[in-house]
Amino acid sequence: MAESSAGGLINAALVAVPGASKFYLGGAVIYTKAGRTALMGIESQEMKGMRSASEPYAKLLAARVRAKLGATWGLAETGASGPTGNSYGDAAGHACIAVSGPALDPHVAVITVETGSADRAANMREFTRRALALLEDCLRKT
């Protein structure tokens, strides 16, 4: 699981489930370019024509964390929690969330969330809720 603007809440929600060690392999908060490179091995050339906080990047991040952990499923979130937008022009409350897994066509599902709110904590909670809901929906398809 790799997340950005949810700040670790998605990982915490997964680990909070009793028996998490049976399904949770690990996760990271990928908050900067340095983190993206060091933890996910995503180099600048892979980012050409792509920006963070976008659906293509969320898909790449979900697939990469899945591969890095040798997991069946990968979950990723990237966005702008607030109170202001990000440097890419996205407003606060914008996030892209992706799930990578074997039962998906073509191995990834992705959504964009727009809360319309500048409330950082509320956005972080909503991004978490939506990420877990997308993961659950994808798991039900198996």
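For Ala118 paired with Lys48, estimate the spin-label separation in nm (one decimal), with each label point 7 Å from Cα along the Cα-to-Cβ line.
3.9 nm
Once R0 is set to 22 Å, what does the formula 1/(1 + (r/R0)^6) return for the Cβ-Cβ distance between Arg129 and Tyr88, expressed as a FRET efficiency to the nearest 0.05?
0.40
Report the normalised scattering of the stretch 10-56 as log10 I(q)/I(0) at q = 0.18 Å⁻¹, calculated by the Debye formula with identical scatterers on the alpha carbons.
Each listed q corresponds, in turn, to -0.69.
How many percent of the accessible area of the chain is carbon or sulfur, using a 1.4 Å probe?
55 percent
Any idea of the accessible area per residue across the stretch 54-139, 1.4 Å probe, to the nearest Å²?
44 Å²
Size of the dipole of the stretch 1-97 about the Cα centre, Lys and Arg at +1 and Asp and Glu at -1 on the beta carbon, nothing else charged, in debye to 20?
Numbers: 9 positive and 6 negative charges, 50 e Å.
Around 240 debye, computed over the stretch 1-97.
Restricting to DSSP loop positions (anything but H, G, I, E, B) with no more than 15 other Cβ atoms inside 10 Å of their own Cβ, which trypsin sites (Lys or Arg not before Pro) remain in the stretch 38-92?
Details: sites: Lys48, Arg51, Lys59, Arg64, Arg66, Lys68; in loops: Lys48, Arg51.
When the trypsin sites (Lys or Arg not before Pro) of the stretch 38-92 are filtered for loop state and at most 15 Cβ neighbours within 10 Å, Lys48, Arg51 remain.
What's the lysine pair count for the chain at a Cα cut-off below 26 Å, pairs eight or more apart or interchain?
Summing the qualifying lysine pairs gives 11.
Can you figure out the FRET efficiency of Lys68 with Arg140, using R₀ = 30 Å and their beta-carbon distance, to the nearest 0.05?
Result of the calculation: an efficiency of 0.75.
For a protection proxy built on the mean count of beta-carbon atoms within 10 angstrom, sort 120-129, 23-32 highest first, please.
Details: 120-129: 19.1, 23-32: 16.5.
Highest to lowest by the protection proxy: 120-129, 23-32.
Would you compute, from DSSP H runs of 4+ residues alone, the mean residue ellipticity of the chain at 222 nm, taking -39500 (n - 2.57) per run and dividing by the full residue count, rounded to the nearest 500?
-11500 deg cm²/dmol
The values are calculated or read from the model by the stated rules, or taken from the named source; none is laboratory data. Here the structure is a predicted model, which means the values were calculated and not measured. Because the Cβ atoms are built from the backbone with ideal geometry, glycine has one as well, and the counts that use them run over all protein chains shown. Surface accessibility is based on the protein's heavy atoms, side chains included, excluding ligands, DNA and RNA. Shrake-Rupley method; radii C 1.70, N 1.55, O 1.52, S 1.80 Å.
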